[in-house]
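Below is one structure; the comments refer to it alone.
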Amino acid sequence: MSKKLRVKNKQKASAKAIAAKAKAAAKAKHCKELQLPSMTLLATSAMERAREACIAKVDAIVEECLALNCKFRDSKFDLLNDRYSCLYHSGNEMYNFYIDGVSRVDDIFRKPEFFLNGATPSDIKQGGIGDCWFVASLAVVSNIPGLIEQLCVKRNEEVGVYGFIFFKDGDWVSTVVDDQLFYTSNYLTKKKSLYFAHCPEERETWLPLLEKAYAKIHGDYETLEGGYTGEGVEDLTGGVSSIMYTHDILNKDRFWEEEMKNVNKNILMGCFFNYRDSDSRGGVQTSHAYSVLRVAEYKGERLVQVRNPWGSSEWNGDWSDESENWTEDAIRELGMEVKDDGQFWISYKDFLKTYSTIERCRVFDSAWSVASQWIPYNVEPRSSGKFDIELNQDSDVVIVLSQPDTRYFGFVQANYRYKLTFHVYDKDQKVLRRARPRVPYPDRSVNCELKLKAGRYTVIPHVIREANGIIPAEEKKEEEKKAEEKKEDSAVGPRFRTDGLRVVNEPVDISEDDYMFKQMKAEKVRAMALARIKGKIIVGVDDEDYEEDEEEKLEEEKWQLMLGLRVYSHDSKLKLEGIAGEHPAKSEEKTESADESDPEAVSATLADKKSEDKDKDAKDKKDDKEKKDDKEKKDDKEKKDDKESDEKAKEKKDDKEGDDKAKAKEEEDSKKETEDTNKTDNKDETKEVEKDAQPEKAKDDEGDALKKMEREE
């Protein structure tokens, strides 16, 4: 070997050593910065309950399996015996999964391990389904040391049982899975490799098992196709996600200071490239989600580190791995390594130009508390649901209005989709904030952040209903009739209208049988959503089965959807009350929703809402006064009636006493008269007797005298 070649090889080795050392130092510095007390999952009592329930499930399964001398097989998500339902929606196959079989991890790999050196972004590679959004969210979360470990609550690798928790619909839920995984095999070597997400070191199993658990709680793997990185981060951390267009940022310097510099502190971030003018831009893939790992400033240059969930295919512009901008000092400072691992640096300016949307997730530390409530809600005719907030101290507040995640029910295409907005009012009915989505999709939730003083506040939801592609024939005719009468829009295409040039879903005709089938599914779905919100089961969540009476109750009430409100604040005693109001009668006149793209319509809506609220308050006060007056009149009348009743009772009593006295006197007089009469009668009788007795006596005396004269003679 020539001396020149030896020197060149020595220089290369030296450069690699310097780069490796710099990377290790930068990584250590980065990890030290990230290991803050604030970087934890949103710890709530619900999270602790979910953790305890998950641990109890795993312990019970381990005890049973050891007693039976068998490994755990998850009967609710059995890849071997129920392969079809674990892969696909009910009756729907969007994908042809080229899967060769199912095996346990210790049959696929030699000496499998759950974690090799903890969870890191470089451990993550997307598999055979389009869930780049979820894989990107895992990379974002795994960039914070210890967070993934908090999701993997407990496991027993000997038995093959793994317990996980996720944040769904404002609450923490738990699930367990076994260690069966789908694999594909090399045609020549027959070597098995995992079909879905996997680690570069394939015998590391935390990623495929966590993805499997996430697929289970949504019903199957196919439901993971397509999504938003921010929502994935929300499901993994309990945070609050939102999306914005990069070209809508007003002040880019302010955005850097307030948002980008807080990445990995209280904000976790992803990005998405959705331009349709080319297949790629500078090596960035179109219609693809990426993770934002770090931000840095180097000699006045603002830089962003981004990762492709494929684990390859990187940006090739300024500050890419092969860029001339990299000096030894820059490599040492930022720990850059030339490697096709999907991680790359890009300038902040190019970052905003290249990516179309930024997906941020606000995460919370232990100083925050959260309160949540769900209410049933109706759109057509509109119900009067609202949420009342009582804040006991001044605080930063994050308010989130949401509806149940439709990813649970991917096998059902509902007739409508609902877009959420809300207004925050103070006690004087003054509008403090209006929250609306910054992009047309997604519509799972909408939020706002504001500072509030101690006091009472009201959140009024406003829901807009749009056709989701399938409408019953009668409703379709009604919609067409209304559209014909209004003539508000000038058609410029089969699926567009001119008011803001926003896309409108075009209804399609379906058969009556298909409609009835989907309607039955939709009713079942709504019942399951209500049960899920009440802490019951949803597909894949290992809790008690929901009760059939929940479905019957929902059928009776006929509410169109459920709305949930979460309020994050520093007030642990915050009170939140959800008020559904009465279900609106079907005969009520349907009110038209103001077009959110029309500022005048929105202003009119707010004015009408405020006027309605004032009229309602005035009417309530009037009704209260009338009720009070009626009550006073009623009380006065009752008092008067009681007084009259008492007087009548007294009079009656007096009359009775008088009657009793008169009767007693009458009886006494009658008795006396009777006695007098008896005395008189007795006296007269005596006299008559005496009178009658006198002649007889005289006669007797005369007889006695005659007898005496005869004796003498």
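For region 288-339, what class follows from the C-alpha gyration tensor (a ≥ b ≥ c being the square roots of its eigenvalues): rounded when a/c is under 1.5, otherwise prolate if a/b is larger than b/c, else oblate?
Values: a/c = 2.00, a/b = 1.52, b/c = 1.32.
Judged from the Cα gyration tensor, region 288-339 comes out prolate (a/c at least 1.5, a/b above b/c).
Beyond a 32 Å Cα-Cα separation, which of these cross-linked pairs lie in this structure: Lys252/Lys386; Lys261/Lys451; Lys349/Lys453?
Details: Lys252/Lys386 36 Å; Lys261/Lys451 21 Å; Lys349/Lys453 38 Å.
Beyond 32 Å: Lys252/Lys386; Lys349/Lys453.
In terms of modelled amide H atoms, which long-range or inter-chain residues lie less than 5 Å from the amide H of Gln343?
Those lying under 5 Å, H to H, from Gln343 are Asn308.
Please work out whether region 131-242 counts as rounded, prolate or oblate from its C-alpha gyration tensor, where a ≥ b ≥ c are the square roots of the eigenvalues and a/c under 1.5 means rounded, while otherwise a/b larger than b/c means prolate and anything else oblate? Walk me through the numbers before you get to the answer.
Details: a/c = 1.81, a/b = 1.48, b/c = 1.22.
Judged from the Cα gyration tensor, region 131-242 comes out prolate (a/c at least 1.5, a/b above b/c).
Across region 186-202, in residue order, what do the Karplus-derived ³J(HN,Hα) couplings come to in whole Hz, using 6.51 cos²θ - 1.76 cosθ + 1.60 with θ = phi - 60° and x for Gly and Pro?
Once rounded to whole Hz, the list reads 5, 4, 8, 8, 6, 6, 8, 9, 5, 7, 8, 3, 7, 8, x, 8, 4.
For Phe114, what residues show an amide H to amide H distance below 5 Å, using hydrogens built from the backbone and excluding near sequence neighbours?
Thr205
Each residue of region 432-443 in order: what ³J(HN,Hα) in whole Hz does its phi give by Karplus 6.51 cos²θ - 1.76 cosθ + 1.60, θ = phi - 60°, with x for Gly and Pro?
8, 7, 10, 10, 8, x, 8, 9, x, 10, x, 10
Apply the Karplus curve 6.51 cos²θ - 1.76 cosθ + 1.60, θ = phi - 60°, to the phi angles in region 62-75 and return the couplings in whole Hz, x for Gly and Pro.
With the stated coefficients, region 62-75 comes to 4, 4, 5, 5, 5, 5, 8, 6, 8, 7, 6, 10, 7, 5 Hz.
How about region 177-270: which chymotrypsin sites (Phe, Trp or Tyr not before Pro) there lie in a loop by DSSP and see at most 11 other Cβ atoms within 10 Å?
Tyr187
Of Val567, Val135, how do they rank once you tally other Cβ atoms within 10 Å and put the fewest first?
Val567, Val135
Pairs to check: Lys168/Lys573; Lys573/Lys627; Lys575/Lys634; Lys57/Lys216; Lys168/Lys339. Give those whose C-alpha atoms are more than 27 Å from each other in this structure.
Long pairs (Cα-Cα over 27 Å): Lys573/Lys627; Lys575/Lys634; Lys168/Lys339.
For Lys168, enumerate residues with amide H under 5 Å from its amide H, sequence gap 5+ or separate chain, H modeled in the peptide plane.
Amide H to amide H, under 5 Å and 5 or more residues apart or across chains, Lys168 pairs with Val173.
Please give the FRET efficiency for Glu48 paired with Glu668, using the beta carbon to beta carbon distance and R0 = 51 Å, rounded to the nearest 0.05.
0.05
Each reported figure results from applying straightforward, stated rules to the coordinates on display, with no laboratory input. If you're wondering where the values come from, they're calculated on a predicted model, not measured in any experiment. Note: ideal-geometry Cβ built from the backbone for every residue, glycine included; neighbour counts use all protein chains shown.
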